[in-house]
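Remarks on the structure that follows.
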Amino acid sequence: MSRIGKKPVELPSGVSATVSGQTVEVKGPKGTRSFTATDDVQITLDGNVITVKPRGNDKRAREQWGMSRTMVANLVQGVTDGFKRELELNGVGYRAAMQGNTLKLSLGYSHEVSFEVPQGVTVTTPKQTEVLIEGSDQQLVGQVAANIREWRAPEPYKGKGIRYKDEYIFRKEGKKK
């Protein structure tokens, strides 16, 4: 049995949900999000509680059970609190600044890197060496953070590059003379 799938998803105050067939639509203060589950699970709405149950006992139904419950819980969290990722820039001259809908990054290249911020995500730079990515879609927030980090991933010798705030960089010892 799925330990995650067994837990019901409770809707906080100010959040409403509708279930039509296999589609769950959640509305909250940060917008509207929806998820369409596979036919292997059954989604029901009782008052302010959403429950997910498998249809059958085969392996695929049990896999989709926990995953679908997590997706519904992420919808609820996205429209209430939202998701955020923080990036840090480490290196001499590495800077970030927002100009309109474009993130300008100085990463030691001969040119400045421009990153267009997609719809549904807000990017802010509280400091020149910090980038804060926020949004209601967890997958989109994580993908934007990964795309920004891809421009200059942290290297293991000096730790220069763009890294997640909670990321640990395994450091290597350099050459010996």
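Looking at region 1-15 only, could you name the residues that are touching a residue at least 12 places away in the same chain (Cβ under 8 Å) and small (Gly, Ala, Ser)?
Answer for region 1-15, where residues must be touching a residue at least 12 places away in the same chain (Cβ under 8 Å) and small (Gly, Ala, Ser): Ser2, Gly5, Gly14.
Across region 124-162, which residue is surrounded by the fewest Cβ atoms within 10 Å (Cβ to Cβ) among those that are in contact with a Lys or Arg (Cβ under 6 Å, 6 or more places away or on another chain) and small (Gly, Ala, Ser)?
Filtering first and then ranking leaves Gly161.
Considering only region 1-10, state which residues are in contact with a helix residue (DSSP H, G or I) (Cβ under 6 Å, 6 or more places away or on another chain) and either modelled with pLDDT under 90 or within 13 Å of Val79 (Cα to Cα) (or both).
Ser2, Ile4, Gly5, listed by residue number.
This table checks each residue for (1) more than 30 Å from Ser13 (Cα to Cα); (2) in contact (Cβ under 8 Å) with a residue 60 or more places away in the chain; (3) assigned to a strand (DSSP E or B); (4) among the polar types (S, T, N, Q).
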position: Leu89; (1), (2), (3), (4): yes, yes, yes, no
position: Lys104; (1), (2), (3), (4): yes, no, yes, no
position: Ser110; (1), (2), (3), (4): yes, no, no, yes
position: Glu134; (1), (2), (3), (4): no, no, yes, no
position: Gln139; (1), (2), (3), (4): no, no, no, yes
position: Ile148; (1), (2), (3), (4): yes, yes, no, no
position: Ala153; (1), (2), (3), (4): yes, no, no, no
position: Tyr168; (1), (2), (3), (4): yes, no, no, no
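Just the residues that are surrounded by 13 or more Cβ atoms within 10 Å (Cβ to Cβ) and of a type in the set (Asp, Glu), please, taken from region 8-43.
Within region 8-43, Glu25, Asp40 qualify.
Is it true that Ala97 is within 13 Å of the chain's Cα centre (by Cα), exposed (fewer than 15 other Cβ atoms within 10 Å of the Cβ) and more than 30 Å from Val41 (Cα to Cα)?
It is false that Ala97 is within 13 Å of the chain's Cα centre (by Cα), exposed (fewer than 15 other Cβ atoms within 10 Å of the Cβ) and more than 30 Å from Val41 (Cα to Cα).
Does Val144 meet the test of being of a type outside the set (Gly, Ala, Ser) and in a strand (DSSP E or B)?
No: the conditions fail for Val144.
I'd like to verify a number: residues in region 109-123 that are surrounded by 13 or more Cβ atoms within 10 Å (Cβ to Cβ) and closer than 25 Å to Gly159 by Cβ, how many?
Total meeting the criteria: 3.
Name every residue in region 30-48 that is more than 23 Å from Asp137 (Cβ to Cβ) and touching a residue at least 12 places away in the same chain (Cβ under 8 Å), in order of residue number.
If the condition is that a residue be more than 23 Å from Asp137 (Cβ to Cβ) and touching a residue at least 12 places away in the same chain (Cβ under 8 Å), then Asp39, Asp40, Gln42, Thr44 are the ones that fit.
The values are calculated or read from the model by the stated rules, or taken from the named source; none is laboratory data. Worth saying up front: this structure is predicted, and the values here are computed from it rather than measured. Don't worry about glycine lacking a Cβ; one is built from the backbone with ideal geometry, like all the others, and counts go over all protein chains shown.
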